[in-house]
């Protein structure tokens, strides 16, 4: 489990991606809320809390419309302990997500982990979406395959968060 000695027990997790890629569905999975398969765009951003061990994850879900990304991203991802860039695994969205990764890296002053989520992996064989390993090859960023509508995959996502936050804790200890 995570060691809380280096944080004030509050961890900022930012979730970014273009419209309809599954960001809000992923947040609902994390918060163990009912997942409804109806697309309702996030206006601006939504903030949720998730208890995780001794931590309180503050999960920021950013609207994917270009005006929201351009308006809010640079002001609100600063201070993140972990950033997820979510793609729906379509070739076009994967290529566009590369730009978001580059922008996030440029905005972050410290060494914040940025992980891609190749969502909608259940549709790979049905409609030509890319397998998460191929998405990782294109994005040149650590990538996790996910089907956010499948709440059984929550444990996998929580393990990723734990592993990455443990790395952050180690880096912060070295800087002290």
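When 1/r is averaged over all different Cα pairs and the result inverted, which Kirkwood radius in Å belongs to region 10-175? If you can, show how the numbers build up before the last one.
Details: mean 1/r = 0.0631 Å⁻¹.
Mean inverse Cα-Cα distance, inverted, gives 15.8 Å.
Among 15, 101, which comes first, then next, by fewest other beta-carbon atoms within 10 Å? Walk me through the numbers on the way to the answer.
Values: 15 28, 101 19.
Least to most surrounded, the residues fall as 101, 15.
State the extension gain, in nm to one decimal, for the chain segment bounded by residue 174 and residue 133, taking 0.36 nm per residue of separation less the distance between their alpha-carbons.
Working: separation 41, 0.36 × 41 = 14.76 nm, distance 3.17 nm.
Gain on stretching residue 174 to residue 133: 11.6 nm.
State, as an integer percentage, the relative contact order of region 10-175 based on alpha-carbon contacts under 8 Å between residues 6 or more apart.
Numbers: 295 pairs, mean separation 40.0, N = 166.
That works out to 24 percent.
For the chain, modelled as a Gaussian network with Cα springs under 10 Å, which listed residue fluctuates most, 89, 14, 49?
Top of the fluctuation ranking is 49.
Separation of region 100-166 and region 3-70 by C-alpha centroid, Å?
That distance is 14 Å.
Among 71, 31, 143, determine the one that fluctuates most according to a GNM of the chain built with springs between C-alpha atoms less than 10 Å apart.
Per the Cα network of the chain with a 10 Å cutoff, 71 tops the list.
Just to be sure I understand the model, the point goes 7 Å from the Cα along the line to the Cβ. What's the resulting residue 75 to residue 56 distance in nm?
2.3 nm
For the chain, set up a Gaussian network in which alpha carbons nearer than 10 Å are linked by springs, and say which option among 117, 36, 144 fluctuates the most.
With Cα springs under 10 Å in the chain, the top fluctuation among 117, 36, 144 is at 36.
For n ≥ 4 DSSP H runs only, could you compute -39500 (n - 2.57) per run for the chain, divide by its residues and tell me the 222 nm figure to the nearest 500?
Values: 6 runs with 70 residues, N = 176.
That calculation yields -12000 deg cm²/dmol at 222 nm.
Every number in this text was worked out from the coordinates using simple rules, so none of it is lab data. Note that the structure is a prediction, hence the values are computed from the model and not measured. With ideal geometry, Cβ positions are generated from the backbone for all residues, glycine too; neighbour counts draw on all protein chains shown.
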